[in-house]
Amino acid sequence: MNNFDLVIVGAGMVGLALVARLKNSHLKIAVVDPKSVDMDFDRENYDLRVSAITRNSENLFRSVDAWDFIGDSEKSAYSKMLVWDGESTNGKVEFDSATLAQENIGHIIENRVLRKALYQSIQNRPNIELMFGEKCQKVNYFEDKAELLLESGKKVSAKLLVAADGAFSWLRKNSGIKLDESSYQQKAIVATIKTELVHNKTAYQRFDKHGPLAFLPFKDSNHCSIVWSQDNQVAEELLALDGQSFTKRLEITFEGKLGKLELLSQRLMFPLYERTAGTTINHRLALIGDAAHTIHPLAGQGVNLGFSDANVLAETILSIAEKNKDIGLKMNLRTYQRKRASEVFIMKKSMVSFKKLFACGIPFVQTIRALGMATTNRSSLIKSIIVKKALGLD
């Protein structure tokens, strides 16, 4: 039996962020994941999985010395954002970091780059054991500890287990935590696109009744990652098109903002669900990231919510440990649950409201929607509040 203070199941971005936040503590930590971290990936092609990193998440990376492991060519700061209503000629909002007294609005970074940077920040720490290539087989909870049996036959015990193993979390399911799941009735298509015109460090998002289309700028001034969320049937039709027909539809939907488009990658499609775990804490268990909640990608806040989970859980664990209390007791973990509940709830409800608002085809609603966007666009104060909220600076 290998005994630890903390065992984290899942070494994705959020799981490794938690490890990084705790790396300087006296806690003995183990990380279990079937996949090791890719340290030598193909740099000729962009990863289809990218994240829009807020200032709050950037600060987390800086605090654990992971930001320094992300090269200048691997992070794409964007200073402008254009959001518009494809069903109206008047509904648009433009954000510019310069006029809002911000250095930038965020960074677009490949998920594999973020994971590698976090891994590099925790390497060679004597209190951290990385168990890559291991899968969980069974979990048992006792009064004073939790035990994991791995498929290799190895057993590990801990005062606290953390489920950081994604939306289909094995640990959540096998710990008896219920999941509230509802479909957005949409699917998202992601791909890498070459644009005729330079993106000018601008993130674009167009809404129409079928769903949002986002163009996220890479470091290369003519390369973008797209996230095209559409109603299920429309998304299926788009994916069935050949590459040339797909890019033509993309150009039309995007209203030619960046000229002719070229598909540089395969297209991946995945269904969109809102998921909420029945609880984020239990006896000797805590949930973070997608294991705790998933939301619509239209605002790009999913992984940022996860990083905030990791940060607050780390603060809670360190506070408990500093008082020489048991980090695995549910009553001691309530601070984490309480601090995260409101932000996650507000973000979930906001995503549902945005989707319903732009899906509505009633002319009166469209007029009010366009008027609201136009009013927002004229107010520097409102735009400043929105950007600071998005950056996590409020």
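Throughout, read-outs are computed from the coordinates displayed, never taken from laboratory work. Being a predicted model, the structure only gives us computed values, none of them experimental. Cβ coordinates were reconstructed from backbone atoms using ideal geometry, including for glycine residues, and neighbour counts include every protein chain displayed.
Between Ala314, Ala214, Ala341, the residue with the greatest mean-square fluctuation in the GNM of the chain (Cα pairs under 10 Å linked by springs) is Ala341. The charge dipole of the chain, taken about its Cα centre with unit charges on the Cβ atoms of Lys, Arg (+1), Asp and Glu (-1) only, comes to about 1020 debye.
Which pairs in the list Lys80/Lys248; Lys323/Lys348; Lys35/Lys348 are over 28 Å apart, alpha-carbon to alpha-carbon? Result: Lys323/Lys348; Lys35/Lys348 exceed 28 Å. Pick out, from Asn232, Ile327, Ile109, the residue whose Cα sits farthest towards the positive end of the charge dipole of the chain, with +1 on the Cβ of Lys and Arg and -1 on the Cβ of Asp and Glu. Among Asn232, Ile327, Ile109, the one farthest towards the positive end of the dipole of the chain is Ile327. Applying both filters, DSSP loop and at most 14 other Cβ atoms within 10 Å, to the chymotrypsin sites (Phe, Trp or Tyr not before Pro) of the range 93-198 gives Phe142, Phe168. When a/c is below 1.5 the answer is rounded, else prolate if a/b is larger than b/c, else oblate, so apply that to the range 69-188 with a ≥ b ≥ c taken from the square roots of the Cα gyration tensor eigenvalues. Oblate shape, in that a/c is at least 1.5 and b/c is the bigger or equal ratio. Helical runs (DSSP H, four residues minimum) scored at -39500 (n - 2.57) apiece and divided by the length of the chain put the mean residue ellipticity at 222 nm at -10500 deg cm²/dmol. Rounded to the nearest 5, the antiparallel percentage of DSSP beta bridges internal to the chain is 70%. Whole-Hz Karplus values for the range 32-44 come out as 10, 7, x, 10, 7, 7, 6, 9, 9, 8, 5, 8, 6 Hz, taken residue by residue from phi with 6.51 cos²θ - 1.76 cosθ + 1.60 and θ = phi - 60°; glycine and proline positions read x.
Relative to the Cα centre, the charge distribution of the range 59-124, modelled as +1 at Lys and Arg Cβ and -1 at Asp and Glu Cβ, gives a dipole magnitude of about 260 debye.
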